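Engineer: Structure below; questions to follow.
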Ligand code: PRX
């Protein structure tokens with residue numbers, strides 16, 4: 001594996017943190033019994049978890065495996081919206097807060113399970129009145145408002161397949177996703193608040209809608225606010241959410257779906273320019289998100305649980321909406337930015353709502369570190385009892401800061417490794433039992449079988465290798481929307497059709513703890529978000545002055561990685577800072593602000609091997625400042641030639 005040599009293998013972490021006696025005593029899991037049971041019989045473990053949910057009809061087989069394809073809980077009939085809502089209405093939880101929402105401008109809105117159920121039923125009926133039915137694809141392009149969760153749950157209720165598109169993506173990214181899934185309904189909002197500014201989602205969506213013939217109707221959620229957000233409402237096609245809700249009946253029994261009926265698609269970056277529509281199905285995803293939320297976050301009825309992700313990402317799907325609501329938890333949902341109006345907004349929220357379980361990303365933790373520990377110290381964070389991390393490797397320094405300054409030194413931290421494709425958490429510690437080791441995600445969750453292999457499929461005993469999942473799990477992706485061949489090629493062709501290749505490098509300590517070393521493919525992880533280098537390259541070459549582009553990641557203190565683009569301009573263009581700015585803007589407009597290159601380096605020629613392959617590793621070294629010093633010299637063709645020769649001497653062709 002050529003990429004392995006770049007892994008940072010030098011870290012020797014010896015500190016271990018066991019849960020306090022007090023935490024372990026109240027924890028759902030405080031010994032190794034789950035691990036033991038699931039090792040003996042993983043299917044029995046999942047089946048036991050599945051039994052805790054309500055099924056309209058029981059399954060025949062727990063798993064039916066025709067590698068690489070798999071079905072879970074075959075012929076079982078279930079509805080995830082029913083398990084998130086109706087199941088709780090029969091208990092005292094009916095009047096428990098399901099979602100406590102805080103807007104950026106300080107409004108607070110609470111939905112009990114009963115109220116959420118009513119709104120979800122009404123909106124499901126409203127969608128039906130617009131012709132949405134089982135299997136219809138529905139795109140959701142919204143701010144972080146409760147109606148985003150309502151829309152998702154309403155789709156799940158009637159078997160419509162939602163495709164949530166992160167509100168920060170560009171109109172072009174939105175239309176690409178709508179067109180790939182042939183979505184018929186788009187749900188959006190007039191706008192949302194972000195760092196004191198209005199994000200005009202409907203206006204952005206309108207640009208996408210110029211190019212999405214499959215869309216028949218648009219629903220606009222009017223975000224409550226002082227000043228109206230101006231937006232266009234097209235007669236016949238566009239409908240206000242609140243008007244539809246006034247007319248809709250609250251009677252909408254959940255559709256009895258097959259366990260393998262698709263639940264949603266969620267697009268994620270891969271190694272080509274075209275994002276992949278990851279397909280999740282109903283039964284297995286329900287079981288996976290339910291079991292992991294319960295055990296990893298140790299959720300109790302008294303908890304106030306806050307996951308800071310956006311519903312536009314898989315973390316928002318599995319651990320804001322579906323997992324916690326299946327567990328009957330109280331979920332805090334926050335609309336805005338962590339630094340508005342001040343840098344201590346998160347700590348203020350934790351104090352105000354007495355948040356007890358807090359799940360965020362290393363990139364946020366590093367920003368908090370930069371802003372200083374004095375800010376959390378100003379607030380009473382004593383309600384916190386458990387912390388989580390997700391999205392990228394958490395460096396031990398950030399881990400220790402999180403532990404000390406947010407957790408007060410006595411909250412376990414669960415570092416959770418998983419992906420859009422895995423649907424739910426795969427590697428972590430269970431907080432009442434496992435010993436957490438900064439920088440190590442932990443061990444495979446009960447029922448998950450993971451290991452480290454080399455390129456040839458041999459187990460790697462020591463040192464780094466490729467992370468591999470050797471047995472199916474319930475919440476795994478079933479295919480890529482409209483492209484099963486890509487599904488097989490991307491995930492199941494590295495070794496054999498039984499082994500899932502997640503695209504990450506890893507190593508293990510002597511106790512079996514996994515350290516995740518990052519992507520081994522051409523996918524970057526910028527602030528915990530996946531960005532395909534090819535996507536950014538396609539956006540760059542789409543600009544009329546660009547001849548060729550190569551994109552690599554550079555280590556970044558806050559974001560983990562930053563996008564650096566090497567660009568050759570067409571002959572008629574002269575290199576200038578103005579063009580650099582224009583190109584950065586062009587990428588942001590084409591994909592979304594998250595993909596905006598941090599730096600553009602002009603090159604007269606891109607260094608290529610004699611066989612014509614771009615020397616990405618060299619470019620990465622140059623971007624990181626490790627190789628050959630002055631990057632500006634790349635503009636001179638003779639230097640490129642020299643660089644190529646030196647590179648080939650060092651690494652071979
Ligand atoms: O590289 C891994 C990294 O994020 C990738 C998955 O990205 P995405 O599908 O967008 O899902 C992010 C949220 C689940 C993985 O392939 N990653 C995620 N969690 C961790 C991580 N890397 C290290 N440690 C983690 N805890």
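Engineer: Less than 18 Å from a label point 7 Å out along the Cα-to-Cβ axis of residue 243: which backbone N atoms in the stretch 117-132 qualify, by residue?
Structural biologist: Counting only backbone N, you get 123-132.
Engineer: Suppose the Debye formula is applied to equal point scatterers at every Cα of the stretch 169-267; what is log10 I(q)/I(0) at q = 0.10, 0.19, 0.20 Å⁻¹?
Structural biologist: -0.34, -1.06, -1.12
Engineer: Something else now. Quantify how much of the Cα-Cα distance distribution of the stretch 281-394 extends past 16 Å, in percent.
Structural biologist: Taking all Cα-Cα pairs of the stretch 281-394, the fraction more than 16 Å apart is 60 percent.
Engineer: Using the basic label-point model (7 angstrom from Cα toward the beta carbon), what is the residue 354 to residue 179 distance in nanometres?
Structural biologist: Distance between the two pseudo-spin positions: 5.2 nm.
Engineer: Residue 377 to residue 32: FRET efficiency via 1/(1 + (r/R0)^6), r the Cβ-Cβ distance, R0 45 Å, to the nearest 0.05?
Structural biologist: The computed FRET efficiency comes out at 0.75.
Engineer: Over the alpha-carbon set of the stretch 198-248, divide Rg by the Kirkwood Rh and report the Rg/Rh ratio to two decimals.
Structural biologist: Using only Cα positions, Rg/Rh for the stretch 198-248 is 0.97.
Engineer: Another question about this same structure. So if each residue of separation counts as 0.36 nm, and I subtract the Cα-Cα distance between residue 14 and residue 271, what length gain in nm does that give?
Structural biologist: 89.0 nm
Engineer: Counting DSSP beta bridges with both partners in the chain, what percentage is antiparallel, nearest 5? The partial results should precede the final answer.
Structural biologist: Numbers: 58 of 98 bridges.
Just about 60 percent of them are antiparallel.
Engineer: Sticking with this one: When you take every Cα atom in the stretch 382-483, what is the radius of gyration, and what is Dmax, the widest Cα pair distance, in Å?
Structural biologist: According to the Cα coordinates of the stretch 382-483, Rg and Dmax are 15.7, 50 Å.
Engineer: So what's Rg/Rh here for the chain, counting alpha carbon atoms and using the Kirkwood radius for Rh?
Structural biologist: 0.95
Engineer: Set the Förster distance to 30 Å, then compute FRET efficiency between residue 404 and residue 511 from the Cβ-Cβ distance, nearest 0.05.
Structural biologist: Working: r = 24 Å, r/R0 = 0.79.
Step by step, r from the Cβ atoms, then E = 0.80.
Engineer: Cα-Cα pairs above 28 Å in the stretch 1-159: how many percent?
Structural biologist: Value for the stretch 1-159 (Cα pairs over 28 Å): 51 percent.
Engineer: How far apart, in nanometres, would the label points at residue 578 and residue 556 be if each is projected 7 angstrom from Cα along the Cα-to-Cβ direction?
Structural biologist: It works out to 2.7 nm between the two label points.
Engineer: In deg cm²/dmol, rounded to 500, what helix-only [θ] at 222 nm does the chain give when every DSSP H run of at least 4 residues adds -39500 (n - 2.57) and the total is split over its residues?
Structural biologist: So the helix-based figure for the chain works out to -8500 deg cm²/dmol.
Engineer: Within the stretch 80-109, which residues have the backbone N less than 16 Å from the label spot 7 Å out from residue 54 along Cα→beta-carbon, could you tell me?
Structural biologist: 80-96
Engineer: Can you tell me the Rg and the Dmax, both Å, for the Cα atoms in the stretch 490-576?
Structural biologist: 17.4, 60
Engineer: A follow-up question, please. Compute for the stretch 126-201: radius of gyration divided by Kirkwood radius, i.e. Rg/Rh, restricted to C-alpha atoms, rounded to two decimals.
Structural biologist: Using only Cα positions, Rg/Rh for the stretch 126-201 is 0.98.
Engineer: Give the value in nm², to one decimal: projected area of the alpha carbon convex hull of the stretch 82-180, averaged over all directions.
Structural biologist: 7.0
Engineer: A further question on this structure: Note down the relative contact order for the chain as a percent, whole number, built from C-alpha pairs under 8 angstrom at least six residues apart. Spell out each step's value before the answer.
Structural biologist: Details: 1423 pairs, mean separation 90.2, N = 653.
Computed value for the chain: 14 percent relative contact order.
Engineer: Over all pairs of distinct alpha carbons, what does the Kirkwood formula give as the hydrodynamic radius of the stretch 415-455, in Å?
Structural biologist: Computed over the stretch 415-455, the radius equals 11.0 Å.
Here, each number is a calculation from the coordinates, and none is a lab measurement. From a predicted model like this one, the values you see are computed outputs, not experimental measurements. Heads up, the Cβs are rebuilt from the backbone with ideal geometry, glycines too, and the neighbour counts pull from every protein chain shown.
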